[in-house]
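Chemist: Handing you a structure now.
The values are calculated or read from the model by the stated rules, or taken from the named source; none is laboratory data. Keep in mind it's a predicted model, so treat the numbers as computed, not measured. For neighbour counting, all protein chains shown are included, and Cβ atoms are generated from backbone atoms with ideal geometry for every residue, glycine included.
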Amino acid sequence: MPATPELPDPFAPPETRPDRRVRTVARYAALQKAHWITFGLIWLIFAVIDTMAIRGGLDSIPEKSLRVLFAPIAALSGPFVGSYSRGFGQGCCTDIGLWLLPYVGGAATFGTILQWLWRPQALAARIARMTLWSSGWFLWFSSALPALAHALS
């Protein structure tokens with residue numbers, strides 16, 4: 001008669017259940033699939049907004065189509081999208097980006113460092129952790145709006 005496989009004891013402590021430990025490590029990793037999806041969606045929304053603003057706000061300059069083409073990539077630069085829209089030729093647009101950088105860069109950095117240092121197991125704490133991370137990146141990308149408002153005015 002063949003031997004029946006041993007079923008894991010559901011009441012055993014987590015240390016003795018290796019399959020549960022592996023799932024726990026993967027579940028509470030620093031950056032998960034949800035982080036990448038959230039980042040991609042936030043970037044996509046602001047890439048579309050920035051592209052539409054640059055497309056509609058630029059005068060008839062020869063390199064307008066090239067700037068509009070690269071606007072989604074420039075959206076990653078956050079507060080420097082306004083400088084990008086003007087070809088980095090106007091110092092005032094760069095000054096606006098540099099003025100915004102400590103605030104929005106600090107928020108994005110804080111949210112990202114928090115992902116590596118704080119790995120809670122409670123659901124409410126994990127939601128708070130993800131919300132802080134998402135808010136930091138939302139502020140980073142939304143800082144392009146005042147920069148574009150200045151650059152395209």
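Chemist: Find the helices (runs of 4 or more DSSP H) located wholly in the range 43-146 whose residues include 2 or more that are of a type in the set (Lys, Arg), and list them.
Modeler: 64-69, 123-142
Chemist: Hey, another quick one. Report the residue count in the range 104-145 for those that are over 25 Å from Val68 (Cα atoms), among the hydroxyl-bearing types (Ser, Thr, Tyr) and in contact (Cβ under 8 Å) with a residue 40 or more places away in the chain.
Modeler: Adding up the residues that qualify gives 1.
Chemist: Looking only at residues that are among the β-branched types (Val, Ile, Thr) and in contact with a helix residue (DSSP H, G or I) (Cβ under 9 Å, 6 or more places away or on another chain) in the range 29-51, which one is modelled with the lowest pLDDT?
Modeler: Thr51
Chemist: Is it true that some residue in the range 136-147 is in contact with a Cys (Cβ under 9 Å, 6 or more places away or on another chain) and either acidic (Asp, Glu) or under 29 Å from Ser83 (Cβ atoms) (or both)?
Modeler: Checked against the condition, which is being in contact with a Cys (Cβ under 9 Å, 6 or more places away or on another chain) and either acidic (Asp, Glu) or under 29 Å from Ser83 (Cβ atoms) (or both), the range 136-147 yields at least one hit.
Chemist: Mind checking which residues of the range 133-153 are within 17 Å of the chain's Cα centre (by Cα), surrounded by 17 or more Cβ atoms within 10 Å (Cβ to Cβ) and among the hydrophobic types (A, V, I, L, M, F, W, C)?
Modeler: Trp133, Trp137, Phe138, Leu139, Trp140, Phe141, Ala144
Chemist: If I filter the range 102-122 for residues that are surrounded by 21 or more Cβ atoms within 10 Å (Cβ to Cβ), at pLDDT below 90 and more than 11 Å from the chain's Cα centre (by Cα), do I get at least one hit?
Modeler: no
Chemist: Taking the condition closer than 30 Å to Ala151 by Cα, of a type in the set (Ser, Thr, Tyr) and modelled with pLDDT under 70, does Ser60 pass?
Modeler: yes
Chemist: Please count how many residues of the range 63-79 are at pLDDT below 80 and under 30 Å from Pro102 (Cβ atoms).
Modeler: Final tally of qualifying residues: 1.
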